[in-house]
Amino acid sequence: MLKIGIIPNEDKDEDLKYTRILIDSIRKYGGTAFICDDIASKVGDEKLNITEDNIVDMSDIMVCLGGDGTFLRAARTIVAKRKPLLGVNLGKLGFLADVDKNDIENAVKHLVEGKFTIDERMMLDTVIVRDGKVVAEDIVLNDVVISRGAISRILHLKTYINDAFMDLYPGDGLIISTPTGSTAYSLSAGGPLVEPDVDLIICTPICPHLLYSRSFITTADREIKVVVAENRSHEAMVTVDGQNGYEVRGGDLIITKKSRIRMPMVRLDEKNFFDVLRGKIYDRGESMK
């Protein structure tokens, strides 16, 4: 019997409508649904003394309901437990949370019948070093963004591949992305599209004050080292997957490299990545007309 843990975003799922559909569908097809007691009380379900912390341990697969931000939060929470994650899209775009909210029952049927595959997505480790000491570290599924602080000044970032100097980027910042993150902020900043099942690191400058500046791609065995080339009073931010933020200042070093941990993601069909990409971008453009 397949055990499925559920992580809903209550801000996206009004009155937990789709969470209820998901729970009912899991039980209809013979699976076991695990929800924390707080959610159980809101959907009128039995409380089993389950907390968010132990749902992951009890489950074979995790399903989150929300948008890509919800997916990223869930992924970062469960990645150490190596449990596969599937996202139900209640947002607008949904590159990561790719199951449509109106297709929940069919998706659950495929899960319970074992008609799915697991994609192991590359992740990144990033650390912030100040005066020779690590002051922060994090793990990344989408991207590391080094950007200006509260005051609108050009940020100068000395960028190295391993220890070889690449360039000095003046501008609003730099995005260091996985292939999974190539359809996120990096794409908006003019970065390349990369199929998510390859291992590469993408670096995309944000509004660079250079005529020749372009994104660059390097192999996953390299380290990207970025130095904030300002005086110590100049503040900037490092944002990880749009979830965690760290203040940095002049002289700080941000080191990003391929993680030994990979994120298992559930895939229910064999759709071509570029077909999915065209469909989502076209649909988004059409819906805004």
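Readers should treat all values here as calculations from the given coordinates under stated rules, not as data from a laboratory. These numbers come from a predicted model, not from an experiment. So basically every Cβ, Gly included, is an ideal-geometry build from the backbone, and we count neighbours across all protein chains shown.
Calculate one ³J(HN,Hα) per residue across the stretch 71-81 by plugging θ = phi - 60° into the Karplus curve 6.51 cos²θ - 1.76 cosθ + 1.60, and present them in order as whole Hz with x for glycine and proline.
Once θ is set to phi - 60°, the couplings for the stretch 71-81 become 4, 5, 4, 5, 4, 5, 6, 9, 4, 5, 8 Hz.
Which lysines does LYS12 reach when only Cα atoms under 17 Å apart count, and residues fewer than 8 places away in its own chain are ignored?
Correct list for LYS12: LYS42, LYS92, LYS101.
What ³J(HN,Hα) values, in whole Hz, does the Karplus curve 6.51 cos²θ - 1.76 cosθ + 1.60 give for the stretch 29-46 when θ = phi - 60°, with x put for Gly and Pro?
For the stretch 29-46, the Karplus-derived couplings read 9, x, x, 10, 9, 10, 10, 6, 4, 4, 6, 4, 5, 7, 9, x, 9, 6 Hz, x marking Gly and Pro.
Collect residues whose amide H, placed 1.01 Å from N in the peptide plane, falls under 5 Å from the amide H of MET166; neighbours closer than 5 in sequence don't count.
For MET166, whose amide H was placed from the backbone, the distant partners under 5 Å are THR159, TYR160, ILE161.
Can you list the chymotrypsin sites (Phe, Trp or Tyr not before Pro) in the stretch 27-96 that are in a DSSP coil and have 16 or fewer other beta carbons within 10 angstrom?
Listed in order of number, the matching sites are TYR29.
Under a 10 Å cutoff between Cα atoms, tell me which one of VAL276, VAL140, VAL99 has the largest fluctuation in the Gaussian network model of the chain.
It is VAL276.
Rounded to the nearest 5, what % of DSSP beta bridges with both residues in the chain are antiparallel?
80 percent
Name the long-range amide H neighbours of HIS234: under 5 Å, sequence gap of 5 or more, or other chain; modelled H, no Pro or chain starts.
Amide H to amide H, under 5 Å and 5 or more residues apart or across chains, HIS234 pairs with GLY250.
Pick out, in residue order, every one of the trypsin sites (Lys or Arg not before Pro) in the stretch 1-83 that is DSSP loop and has at most 16 other C-beta atoms within 10 Å; say none if there are none.
Answer in residue order: LYS47, ARG82.
Excluding LEU2 itself, what net charge comes from residues whose Cβ is under 13 Å from its Cβ, given Lys and Arg +1 and Asp and Glu -1?
Summing Lys and Arg as +1 and Asp and Glu as -1 gives +4.
From the phi angles alone, apply the Karplus equation (6.51, -1.76, 1.60; θ = phi - 60°) to the stretch 7-20 and give each ³J(HN,Hα) in whole Hz, x where the residue is Gly or Pro.
Here the 3J(HN,Hα) series is 10, x, 9, 5, 6, 8, 9, 4, 6, 6, 4, 7, 5, 4 Hz.
Search the structure for amide H atoms under 5 Å from the amide H of SER259, placed 1.01 Å from N in the peptide plane, and list their residues when 5 or more places away or on another chain.
Correct list: MET123, LEU124, ASP125.
If one takes the longest principal axis of the Cα atoms in the chain, at what angle in degrees, from 0 to 90 and to the nearest 10, does the Cα axis of helix 273-287 lie?
It works out to around 90 degrees.
Please identify, among THR256, THR219, THR178, the residue showing maximal mean-square fluctuation in a Gaussian network model of the chain using a 10 angstrom Cα cutoff.
Most flexible of the set in this elastic network: THR219.
Roughly how big is the stretch 14-94's charge dipole about its Cα centre, with Cβ charges of +1 (Lys, Arg) and -1 (Asp, Glu), in debye to the nearest 20?
300 debye
Per DSSP H run of n ≥ 4, the term is -39500 (n - 2.57); total these for the chain, divide by its residue number, and report the mean residue ellipticity at 222 nm rounded to 500 deg cm²/dmol.
-6500 deg cm²/dmol
What size of dipole, in debye to the nearest 20, comes out for the chain about its Cα centre when the only charges are +1 on Lys and Arg C-beta atoms and -1 on Asp and Glu C-beta atoms?
Here the size comes out at about 400 debye.
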